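The values are calculated or read from the model by the stated rules, or taken from the named source; none is laboratory data. Keep in mind that this is a model prediction, so the values were computed, not measured. When we count neighbours, we look across all protein chains shown, and the Cβ atoms used for this are built from the backbone with ideal geometry, even at glycine. What goes into the accessible areas is simple: the full protein's heavy atoms, side chains included, and nothing from ligands, DNA or RNA. Shrake-Rupley method; radii C 1.70, N 1.55, O 1.52, S 1.80 Å.
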Amino acid sequence: MDDLLEKERIEAVAGLETALEEIKSGEGLSTFVEGHGLQSRRFRFEWHEPSLDISYELPTGRVLSGEMDEKSDDAEADAAIRMALVLLWAVCERKIEDAGWGRLYVACDEFGARYALFAPDGSVIEEAEGWTGLVARLEGVFGGDAVELAVIWP
């Protein structure tokens, strides 16, 4: 593996872990957050490499929204961050290649999560909304040992 890519992955994982801690603390996200004002802050995380594309843009810290909306925003960001951590680990361990996938695209925004799996020749294997189908696919990739997936899907 390219040393620069490995360093970038380590930095991304550290940033994502920091963001998880911020959510747990209840103080609000600041890592990977862009924007200003009371309602326009966004948790934005992008990752691009040949076998994995991640694109997240989720609302966060919407001060004028109700407490339930704020908790929902945090829960969405939490799930997206955990998914990114699992996917980065899967790429490091060559799980995506070993599964015969060419590339995995994952996106999440205020309209929901979606993913697309591509074969090595670029053809679409599967496209779907939500995390459930992707989690099921990942369980197969991990050989039925879902312990690693508990980080995102308890």
**Item:** Selection from region 45-85 of residues that are basic (Lys, Arg) and in contact (Cβ under 8 Å) with a residue 12 or more places away in the chain
**Value:** Arg62, Arg82
**Request:** Mind listing whichever residues of region 40-74 are over 26 Å from Trp101 (Cα atoms), touching an Asp or Glu at 6+ places or on another chain (Cβ under 8 Å) and among the charged types (D, E, K, R)?
**Result:** Arg41, Arg42, Arg62
**Request:** Answer with yes or no whether Val106 is modelled with pLDDT of 95 or more and within 16 Å of Asp53 (Cα to Cα).
**Result:** yes
**Prompt:** Quick check, is Val147 surrounded by fewer than 16 Cβ atoms within 10 Å (Cβ to Cβ), of a type in the set (A, V, I, L, M) and either closer than 18 Å to Leu85 by Cα or at pLDDT below 90 (or both)?
**Reply:** yes
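Does Arg42 satisfy the condition of being within 22 Å of Tyr115 (Cα to Cα) and without any contact (Cβ under 8 Å) to a residue 60 or more places away in the chain? Can you show your working first?
Details: within 22 Å of Tyr115 (Cα to Cα): yes; without any contact (Cβ under 8 Å) to a residue 60 or more places away in the chain: yes.
Answer is yes for this residue.
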**Message:** Under 7 Å between Cβ atoms, which residue pairs at least 6 apart in sequence (or on different chains) link something in region 86-103 that is touching a residue at least 40 places away in the same chain (Cβ under 8 Å) with a partner that is open to solvent by 60 Å² or more (accessible area, probe 1.4 Å) and in a helix (DSSP H, G or I)?
**Reply:** Val86/Glu148
**Asked** Hey, among the residues in region 32-48 that are assigned to a strand (DSSP E or B) and at pLDDT below 95, which one's least open to solvent (accessible area, probe 1.4 Å)?
**Response** Phe43
**Complete:** Within region 1-17, of all residues that are in a helix (DSSP H, G or I), of a type in the set (A, V, I, L, M) and farther than 24 Å from Ala77 by Cα, the one nearest to the chain's Cα centre (by Cα) is Leu5
**Message:** Between Ile54, Ile23, which is open to solvent by less than 30 Å² (accessible area, probe 1.4 Å), closer than 20 Å to Tyr115 by Cβ and either in contact with a Leu (Cβ under 8 Å, 6 or more places away or on another chain) or among the polar types (S, T, N, Q) (or both)?
**Reply:** Ile54
**Request:** Check Asp73 against each of (1) surrounded by fewer than 13 Cβ atoms within 10 Å (Cβ to Cβ); (2) more than 23 Å from Gly143 (Cα to Cα); (3) at pLDDT below 90 and name the one condition it does not meet.
**Result:** (1)
